[in-house]
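K.L.:
Quick one: structure below, then a few questions.
Please treat every number below as a calculation from the coordinates, not as lab data. Predicted model, so just to flag it, every value in this text is computed and none were measured. Cβ coordinates were reconstructed from backbone atoms using ideal geometry, including for glycine residues, and neighbour counts include every protein chain displayed.
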Amino acid sequence: MHKKFLVIAALLGALSVALGAFAAHSLKVILETEVLQIFETGVKYQMYHTLALLAVGILLQQSATKQLKWAGNFFIAGIILFSGSLYLLCYIKHMGISATWVGAITPLGGICFIAGWIMMAIGVGRKATTA
């Protein structure tokens, strides 16, 4: 399980850097400032939680608690829902399409992020008491 999280974290990290570079060099000239900031928020949160997923993968090598596994899954879901919905929102705004439902997905990703951090805390706490 830890290898899966480590591989996914590595790929998501690479994607974060690529998307950030794309935003800085290509999107900067075609998106409005407000829309570009939304995109950059998605990239930042993707990278933050990619690093959290990397930490989960490393912690799982030491102690495979179910809470740590849940944390990793929550971080992945959060990246998809939170950052993915922000990327989609930017595309929709740029294309001039009206789709307000996309904004309703973003908080679900935020909830996944929070749940991931809580599960990580519980998993590390359980690990510490069993060591």
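K.L.:
Please work out the Cα convex hull volume for the chain and give it in Å³ per residue. Each step should come with its number before you reach the end.
P.N.:
On the way: hull volume 11.2 nm³, N = 131.
Each residue corresponds to 86 Å³ of Cα convex hull volume.
K.L.:
For a footprinting-style exposure proxy, rank Ile79, Ile122, Ile58 by other Cβ within 10 Å, fewest first.
P.N.:
Numbers: Ile79 28, Ile122 16, Ile58 13.
In order of increasing Cβ crowding within 10 Å: Ile58, Ile122, Ile79.
K.L.:
What relative contact order, as a whole-number percentage, does the chain give when Cα pairs under 8 Å and 6 or more residues apart are counted? Could the numbers behind the result be given before it?
P.N.:
Working: 151 pairs, mean separation 37.6, N = 131.
Normalised by residue count, the contact order of the chain is 29 percent.
K.L.:
Rounded to the nearest 500, what is the 222 nm mean residue ellipticity of the chain from helices alone, with -39500 (n - 2.57) per DSSP H run of 4+ residues and division by all residues? Don't jump to the answer; show the numbers that get you there.
P.N.:
Working: 5 runs with 104 residues, N = 131.
Rounded to the nearest 500, the figure is -27500 deg cm²/dmol.
K.L.:
I've got another one for you. Please order Ser83, Ser16, Ser98, Ser63 by the number of other Cβ within 10 Å, starting at the fewest. Walk me through the intermediate numbers first.
P.N.:
Values: Ser83 28, Ser16 22, Ser98 7, Ser63 14.
In increasing order of surrounding Cβ atoms, one gets Ser98, Ser63, Ser16, Ser83.
K.L.:
Next up: Would you count, across the chain, every pair of lysines whose alpha carbons are under 21 angstrom apart, provided the pair is eight or more residues apart or spans two chains?
P.N.:
Value for the chain: 11.
K.L.:
Also: How far is it, in nm, from the label point at Leu11 to the one at Ile105 when both lie 7 Å from their Cα along the line to the Cβ?
P.N.:
Calculated label separation equals 1.8 nm.
K.L.:
Next up: Loop only by DSSP, 11 or fewer other Cβ within 10 Å of the Cβ. Give me the GluC sites (Glu not before Pro) in the range 1-91 that pass, ordered by residue number.
P.N.:
Details: sites: Glu32, Glu34, Glu40; in loops: Glu32.
Passing sites in the range 1-91 are Glu32.
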